[in-house]
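Enquirer: Before anything else, here's the structure in question.
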Amino acid sequence: PDRRGMATGMAIMGFGGGAMIGAPLADRLMKLFSTSTSVGVWQTFVVLATGYFVYMIAGSLGYRLPAPGWKPAGWVPKTHPSITAGNVGLNEALKTPQFWLVWWVLCLNVTAGIGIIGMASPMLQEVFGGRLIGANATFEQLTQVQHAAVATLAAGFTGLLSLFNIAGRFGWASLSDYIRRKPTYMVFFLLGIALYASIPWTAAIGSLALFVGFFCIILSMYGGGFATVPAYLADLFGTRVVGAIHGRLLTAWSAAGIFGPVIVNYIREYQLNHGVAHAQVYTITMYILAVILVIGLICNMLVRPVDPKHFMTPAEEAALDAASAETSTAQSPAALAAAAAADPPTPAWKVTAAWLAVGVPIAWGVWVTLQQAAKLFGGGA
């Protein structure tokens, strides 16, 4: 209960980790199953489906809901002005200004993040061109073979961004447990504004290290923003129906999935059609994304604790308990003790096996990603 950010960060980290593991695994499986008459697609899908089935079923069977009122042994709740003392119902949450402010906070943060994800690889290729492979040529002057070589390096760059996206989901969300959610988003927006506005400068001076570094930090904050928002909602609206509230809030992420690519692609195509060089087409885009973050910063600054008038009454909470089979256990100390005795701590060997089942694939994905990224700086062939 005092590590909401870390908990959601660990869960949502898997959302980004899947791509880091699945993409290289699928590539290797297709090469393994390919023949002179087949590229090995259907065999790859069968193997992946089997693996996904085993992992997802095992994960779902591992879930446990604590007994009502359960607390870690010796844990003392910490109060903070930003953490609500009550719970807000789903329909009531939608009537509060806090919900819609956080909606825009998430939407604008993700709009900028998705926008830059879509342009990261082409921007690297078009800005640095032949310099990535030691050739004194612009992107337009490269041969087909050189284009392929540059694209390979850009794939390593994309993998590196994926790694920082994953790390940010866990790292920033965990940090929010200490500095709280609103200040964490303040960091996202303030630092993001500075980095987005500085990327054209890194391209102008030709600094590949700064260019890549700024993108990596930005992607970590994109992932961190997505992972921190469930804890942000729990602090504002309580934990009773935060899952449902989070589901409604994710419409902001869906909207951002439209806004970000549309803004970036429209501006890029408009400039290319008007004769702007490939290396220059992203400058205005980065400044526009920085302005979007300024608006998100303002929305975050306006977030205040929810007015107690929106809290659920004891009768409403009791009705919610009665409607849920998982929370039908009596709230007496004896009942809680019996529930704890009926569900003893997980044996150490099971915990170790579970961590290995997750850790080994992630470690492999990180290793493959780092190998690809090393080529970007001349660390590989």
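Enquirer: Taking all protein chains as present, what is the carbon and sulfur share of the accessible area of the chain, in % to the nearest whole number, probe 1.4 Å?
Expert: About 70 percent, which is the carbon plus sulfur part of the accessible surface.
Enquirer: Can you tell me the 0 to 90 degree angle between the C-alpha axis of helix 348-376 and the longest principal axis of the chain, rounded to 10?
Expert: So the inclination is approximately 20 degrees.
Enquirer: Identify which of GLY40, GLY118, GLY168 has the largest mean-square fluctuation in a Gaussian network model of the chain, with springs joining Cα atoms closer than 10 Å.
Expert: GLY40
Enquirer: Would you mind working out the magnitude of the charge dipole of the chain relative to its Cα centre, with +1 at each Lys and Arg C-beta and -1 at each Asp and Glu C-beta, to the nearest 20 Debye? Mind dumping the intermediate values first?
Expert: Details: 20 positive and 14 negative charges, 78 e Å.
Roughly 380 debye for the chain.
Enquirer: At 1.4 Å probe radius, can you tell me the per residue accessible area of the chain in Å²?
Expert: Heavy-atom SASA per residue in the chain reads 52 Å².
Enquirer: In debye, nearest 20: dipole of the range 208-331 around its Cα centre with unit charges on the Cβ of K, R (+) and D, E (-)?
Expert: So the dipole magnitude of the range 208-331 works out to roughly 380 debye.
Enquirer: If ligands, DNA and RNA are left out, what is the accessible area of ARG240 with a 1.4 Å probe, given in Å² to the nearest 10?
Expert: Around 80 Å² of this residue is reachable by solvent.
Enquirer: So, one more: Over all directions, how big on average is the projection of the convex hull of the alpha-carbon atoms in the range 121-255, in square nanometres? Present the calculation step by step, with values, prior to reporting the outcome.
Expert: Values: hull surface 38.0 nm².
Seen from a random direction, the Cα hull of the range 121-255 projects 9.5 nm² on average.
Enquirer: While we're on this one: Over all directions, how big on average is the projection of the convex hull of the alpha-carbon atoms in the range 151-201, in square nanometres? The partial results should precede the final answer.
Expert: Working: hull surface 17.0 nm².
Spelled out: convex hull of the Cα atoms, projected over all directions, averaged, 4.2 nm².
Enquirer: Let me ask something else about it. Given a 1.4 Å probe and heavy atoms of the protein chains only, how would you sort ASP177, ASP307, largest accessible area at the top?
Expert: ASP307, ASP177
Enquirer: For Cα pairs less than 8 Å apart in space and 6+ apart in sequence, what is the mean separation divided by the residue count of the chain, i.e. the relative contact order in percent?
Expert: Once divided by the residue count of the chain, the mean separation gives 32 percent.
Enquirer: Another question about this same structure. Obtain the radius of gyration and the Kirkwood radius of the range 191-326 from its C-alpha atoms and give Rg over Rh.
Expert: Here Rg/Rh amounts to 1.14.
Enquirer: For the Cα atoms of the chain, what angle does the longest principal axis make with the long axis of helix 144-179, in degrees from 0 to 90, nearest 10?
Expert: Helix 144-179 and the main axis of the chain meet at about 20 degrees.
Enquirer: Top to bottom by accessible area (1.4 Å), largest first, where do TRP75, TRP104 land?
Expert: TRP104, TRP75
Enquirer: When ranked by the protection proxy of mean other Cβ atoms within 10 Å per residue, highest first, what sequence do the peptides 8-15, 105-112, 249-256, 41-48 form?
Expert: 105-112, 8-15, 249-256, 41-48
Enquirer: Turning to a different aspect of this structure: Give the span of the range 1-91's Cα atoms along each principal axis, as three whole-Å numbers ordered largest to smallest.
Expert: 66, 33, 25
Enquirer: Please go through the residue pairs LYS95/LYS182; LYS31/LYS350; LYS182/LYS350; LYS78/LYS309; LYS71/LYS95 and name each one whose alpha carbons sit more than 28 Å apart in this structure.
Expert: Over 28 Å Cα-Cα: LYS31/LYS350; LYS182/LYS350; LYS71/LYS95.
Enquirer: Related question: By how many degrees, 0 to 90 and rounded to 10, does the Cα axis of helix 4-33 deviate from the longest principal axis of the chain?
Expert: 40 degrees
Enquirer: Which sequence of HIS274, HIS80, HIS310 reflects their accessible areas, 1.4 Å probe, from the largest down?
Expert: From most exposed to least exposed: HIS274, HIS80, HIS310.
Enquirer: So how exposed is THR313, as accessible area in Å² (1.4 Å probe, rounded to 10)?
Expert: Approximately 60 Å² of THR313 is accessible to the 1.4 Å probe.
The values are calculated or read from the model by the stated rules, or taken from the named source; none is laboratory data. For clarity, every value in this text was computed on a predicted model and none was experimentally measured. Here the Cβ is made from the backbone with ideal geometry for all residues, glycine too, and neighbour counts use every protein chain on show. Keep in mind that these areas ignore ligands, DNA and RNA; they rest on the heavy atoms of the full protein, side chains included. Shrake-Rupley method; radii C 1.70, N 1.55, O 1.52, S 1.80 Å.
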